[in-house]
1. Only one residue in Gly348, Gly304, Gly365 is closer than 20 Å to Val404 by Cα, out of contact with any Lys or Arg (no Cβ under 8 Å at 6 or more places or on another chain), open to solvent by less than 10 Å² (accessible area, probe 1.4 Å) and modelled with pLDDT under 95. Which one?
2. Residue by residue through region 144-165, note down the ones that are modelled with pLDDT of 95 or more, part of a loop (DSSP other than H, G, I, E, B) and either under 30 Å from Ile299 (Cβ atoms) or touching a strand residue (DSSP E or B) at 6+ places or on another chain (Cβ under 6 Å) (or both).
3. Considering only region 112-162, how many residues are without any contact (Cβ under 8 Å) to a residue 60 or more places away in the chain, farther than 18 Å from Ile67 by Cβ and not charged (D, E, K, R)?
4. Examine region 379-389 for a residue that is assigned to a loop (DSSP other than H, G, I, E, B), farther than 16 Å from Ile314 by Cβ and open to solvent by less than 70 Å² (accessible area, probe 1.4 Å), and state whether such a residue exists.
5. Farther than 25 Å from Ser417 by Cβ, under 23 Å from the mean Cα position of the chain (by Cα) and among the aliphatic types (A, V, I, L, M): is that true of Leu84 in this structure?
6. Among the residues of region 7-20, which ones are touching a residue at least 60 places away in the same chain (Cβ under 8 Å), at negative phi and not hydroxyl-bearing (Ser, Thr, Tyr)?
7. Tell me, yes or no, whether region 235-243 has at least one residue that is within 16 Å of the chain's Cα centre (by Cα) and open to solvent by 10 Å² or more (accessible area, probe 1.4 Å).
8. Looking at region 43-96, which of its residues are of a type in the set (Asp, Glu) and touching a strand residue (DSSP E or B) at 6+ places or on another chain (Cβ under 7 Å)?
Amino acid sequence: MVDYIALLKKEVCPAEGCTEPVAVAFAVSLAAEQLDVVPSSVNLKLSANIIKNALGVGIPGTGMVGIEIAAALGAVVRQSAKKLEVLQGFSAEQLDEAKAMVDAKIIRVEQKQTPEALYIEAFVEADGQTGRVIVCRDHTNVVRVEKNGEVVLDKPISIGEGGGEEGTGLTVDGIYEFATTVPFEDIKFILDCVELNTRVSKEGMSGDYGLEVGKRMGAGANTRGVLLNNLSLRLISATAAASDARMGGCPLSVMTCAGSGNQGLASSLPIIELSRVLGSSDEDLARALVISDLLVMHIKEYMGRLSPLCGSGIAGGTGACCGMTYLQGGNLPEIKCAVNNMLATLQGMICDGAKATCALKIAAGTNAAIMSSTLALADIQPSSMDGIVFDDAEQTIQHTGKLVREGFATTDEAILSIMLAKQLEN
């Protein structure tokens with residue numbers, strides 16, 4: 001039996017900064033805590049997906065991007081207990097110390113050849129002392145800790161991750177049944193995301209972050225676009241602006257979903273904005289957010305924690321679409337239509353790392369969610385005769401895993417090689 005409450009509390013949690021470089025900072029911080037002094041060298045072995053998602057994203061409060069500054073800060077702040085908020089509240093002196101470590105080139109990064117999409121190995125040294133930490137499968141899932149060569153923690157890794165091999169038992173039917181019948185008081189905590197994610201959205205609308213996708217698409221923006229003045233654009237703008245800010249290094253925490261801040265923003269902000277327009281009750285909003293979050297988790301079971309496909313656009317957008325459908329009076333049949341409409345529209349959207357253009361993909365996902373919800377409420381969806389969509393939305397979700405495993409097996413390596421080649425050219 002699925003423990004939905006425990007799953008939501010585990011998978012919907014705050015993080016400051018993009019989760020991949022922050023996970024690196026977390027691993028380095030824990031490794032550094034095995035020493036009595038700040039490390040004099042940091043060696044990282046990272047999976048391709050971690051490198052891809054950490055190369056070009058802003059690190060909050062630094063004005064810098066990338067793995068090295070995140071790792072250096074982790075080594076300096078040494079506060080792994082904060083997990084995905086490990087980089088919260090560092091001082092100007094600590095930032096200077098971290099920048100000096102980067103300038104001294106003591107942070108070394110290499111790709112680890114591993115079947116694990118999410119793998120971080122941090123080895124630190126100083127004054128003859130050593131610390132080693134391995135994080136795997138989940139951004140804060142520590143599977144090994146060593147201090148001066150002695151094993152402090154050794155946690156077995158179970159077989160199967162992503163692709164549905166070791167699923168949670170989630171189904172579309174079960175998600176809907178839980179979300180619509182659970183006592184409101186039991187899920188009220190899900191509303192914690194409203195203030196957190198709205199705050200970063202407002203920051204993105206007011207600041208000059210990234211490509212300013214949300215800011216420039218907002219109604220009333222200084223633009224020549226004659227079409228940019230309607231409710232749909234309000235939802236798209238609010239959601240994209242939050243990603244603009246987050247990818248640009250905004251030092252504000254966001255509520256993540258299934259290991260990703262951008263997924264958390266994409267799956268919540270369109271619903272939050274729509275609820276304001278509709279005047280929805282807190283209870284209706286909470287139930288819509290629960291539907292969204294659980295569907296994101298369910299889809300990500302098959303896509304993988306980190307994936308060659310865009311989790312924010314595809315999974316986050318689909319969750320938002322289903323939550324918006326519920327807020328507008330949709331029931332289980334309409335929500336299943338919404339799933340099929342979204343996956344038929346966005347199933348091939350690739351993930352080429354965390355960076356400014358994530359806001360463009362989230363904008364596209366939110367736009368598709370609005371369209372797909374509108375069609376679902378009119379009982380319009382693809383049939384099993386259309387491409388890789390099935391009549392049963394559950395089967396459509398499951399076959400997303402097959403698409404990732406077989407159709408996109410070498411996509412990450414190709415994407416990463418292009419990204420690294422650009423770095424060498426520059």
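1. One residue alone meets the criteria, Gly304.
2. Residue satisfying the conditions is Asn148 alone.
3. The qualifying residues number 12.
4. yes
5. Judged against the criteria, Leu84 is a match.
6. Matches in region 7-20: Leu7, Leu8, Lys9, Glu11, Val12, Cys13, Pro14, Ala15, Glu16, Cys18, Glu20.
7. The answer is no, given that none of the residues of region 235-243 is within 16 Å of the chain's Cα centre (by Cα) and open to solvent by 10 Å² or more (accessible area, probe 1.4 Å).
8. Glu68, Glu85, listed by residue number.
The values are calculated or read from the model by the stated rules, or taken from the named source; none is laboratory data. Keep in mind that this is a model prediction, so the values were computed, not measured. Here Cβ is always computed from backbone atoms with ideal geometry, including for glycine, and neighbour counts include all displayed protein chains. Protein only, heavy atoms only, side chains kept; ligands, DNA and RNA dropped before computing areas. Shrake-Rupley method; radii C 1.70, N 1.55, O 1.52, S 1.80 Å.
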